[in-house]
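What follows is a set of notes on a single structure, which appears directly below.
Coordinate-derived values only; no laboratory data. Predicted model only: the values in this text are computed from it and were never measured. Using ideal geometry, Cβ is built from the backbone for each residue, glycine included, and neighbour counts are taken over all protein chains shown.
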């Protein structure tokens, strides 16, 4: 063990201080939004500067958010897109990763190249838009889940993970007459729960957070995912749907805290989940970083 | 190789090919489909007559773009944002990883990691919404700016063209600094502990150990990441740009991809937009190839 020296202690102290400051800086925006969301709207409006405790206390903004039918449908739509999307993602990514990890496959190299090439070259936004519209996916859920069915990056993570499973495990099954479908679902996947957890997190978060494809492919507001509703409220500053029934003076005042409450409602679910998956996704990020 | 061998291979591994077929179909439709569709960059495309019905226009849209008034503006903005990201955003996670590596308390280290990963999981729309609120007139970032600069803005900081890139790049660092450390922390675990022991014997203090052992230990990873970043120099994504910019800040905020989006999906100038997009794709591809070739020369490591 290293003996404590003055310079070493000084170094440690500064390091702890810097990192504590960084944590505060990272958390503070969310803390501010939370504190403001439960504060009295009129006090927030007249307050300027940092917040360290709520100014008064009311859940009025949350009540308004939950009463807003668009938030509710947005939530339901997003959950639908996440569930359907994830199902397709996990199925296709497993199938693809299985194929790419089979050494007996003669055209493995060519197929891998066919897939990897798309990471480095794309046809561009407009041709993509025209393809999705051209096959008639616009205004349906499929416009959101099919174009995002496989992420090449995630596919490579899963392939690397499958390659690490010893071939001896499947050999006896093969002798017993099991085909590749059985081997994937009965042998490979049950051994791959950590990587499946990572895939679920990566794909799930990306569906939960995505908004652009919904914006360009969906016309009907009743199909909007949560993020698109959030965009109207947060970016385009439209809280009118939630302030209906309030008089004009109140409308402006509550509108501000409604924004904060909306942010909390949309963000808390993911913030509650990710810390528990931390050890898995760190591993996943690393497998992906190793060259394919 | 003959057709017979091909058929035999398909038969031997028929289940595998059947399993991988939907994946290949996905890539064919949603990735190669648009590559084929990029032909409209060389046509005067109108949706009513389709790709083949539309007349050829050669390189007309490309020359229109190169000679247009926005070419230099969006090229400059794209490069400047990339350069800022490279200068300020790239070293940030490396520095954080070095500091994390010096921590003796595993609990504290884990806490810092968990907290700094958080912004990576917050949606872009929410991040931009918070940014918009904090940079509004009277918002806490605007107040801080006014306090430091001594100016009284009276309007949103986000509407100041000279501030856009700073806001864009620093919020990007906020979102990715923690997540970016993962790869460097992994590289750090590969450093031989005996080297530190030896350095300590020689009387090297902690700072010198960091400079002479830790930093060289992660250098290969740093170089690869740097090269990857160089390959991305002209691919600033449009999602965050279009959430944050406004006509007032186009002069500093509009980049190639946001321009592609605007002229294509807002002005419905499909062919011109496709031409600009194709130009961008080709340049990006060349940059990645170059970056990879340099990496192979310097480092003996390459992406493929």
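Some points to look at:
- Enclosed volume per residue, in Å³, of the convex hull spanned by Cα atoms of region B:220-286: 93 Å³
- Residue exposure sequence - B:44, B:254 - by fewest surrounding Cβ within 10 Å: B:44, B:254
- Taking other Cβ atoms within 10 Å as a rough exposure proxy, A:215, B:118 sort from fewest to most as A:215, B:118.
- Spatial separation of Cα centroids for region A:168-228 and region A:40-81, in angstrom: 33 Å
- Full extension of the chain segment joining residue B:286 with residue B:86 gains 70.1 nm, where the gain is 0.36 nm per residue of separation less the Cα-Cα distance.
- Here the Kirkwood formula, the inverse mean of 1/r across different C-alpha pairs, assigns region B:157-286 a hydrodynamic radius of 18.2 Å.
- Extending 7 Å from the Cα toward the beta-carbon at both residue B:193 and residue A:139 defines two label points whose distance is 6.5 nm.
- Here the residues A:182, B:255, B:112, ranked from fewest to most Cβ neighbours within 10 Å of their Cβ, fall in the order A:182, B:112, B:255.
- Between 0 and 90 degrees, the angle of helix A:125-134 with respect to the longest Cα principal axis of chain A falls at about 80 degrees.
- Two-decimal log10 I(q)/I(0) for chain A, as the Debye equation yields it once each C-alpha is a single scatterer, q = 0.08, 0.13, 0.16 Å⁻¹: -0.53, -1.04, -1.24
- Theoretical FRET efficiency, 1/(1+(r/R0)^6), r = Cβ-Cβ of residue B:151 and residue A:272, R0 35 Å, to 0.05: 0.30
- Spacing of the two label points (7 Å from each Cα toward its C-beta) at residue A:168 and residue B:70, in nm: 6.2 nm
- For residue B:293 and residue A:179, a Förster radius of 30 Å and the Cβ-Cβ distance give a FRET efficiency of 0.10, rounded to the nearest 0.05.
- Residues of region B:105-124 with an amide N closer than 18 Å to a point placed 7 Å from the Cα of residue B:200 along the Cα-to-Cβ direction: B:105-106.
- The Rg/Rh ratio of the protein assembly as shown, with both radii computed over alpha carbons and Rh defined as the Kirkwood radius, is 0.98.
- Most mobile listed residue (B:181, B:214, B:111) in chain B, GNM with C-alpha springs under 10 Å: B:111
- From the C-alpha gyration tensor of chain B, square roots of 5λ in Å: 40, 34, 18
- Available extension along the chain between residue A:42 and residue A:121 is 23.2 nm, counting 0.36 nm per residue and deducting the alpha carbon span.
- For chain B, calculated [θ]222 nm from helices alone, where every DSSP H run of n ≥ 4 adds -39500 (n - 2.57): -21000 deg cm²/dmol
- Cα coordinate range in region A:1-125, projected on the principal axes (Å, largest first): 68, 63, 30
- Rounded Å value of the spacing that divides the Cα centres of region B:253-285 and region B:56-75: 10 Å
- A convex hull fitted to the Cα coordinates of region B:3-53 yields 111 cubic angstrom per residue.
- At R0 = 41 Å, FRET efficiency that the Cβ-Cβ distance of residue A:80 and residue B:49 yields, to 0.05: 0.65
- Distance (nanometres) between label positions extended 7 Å along Cα→Cβ at residue B:36 and residue B:212: 6.2 nm
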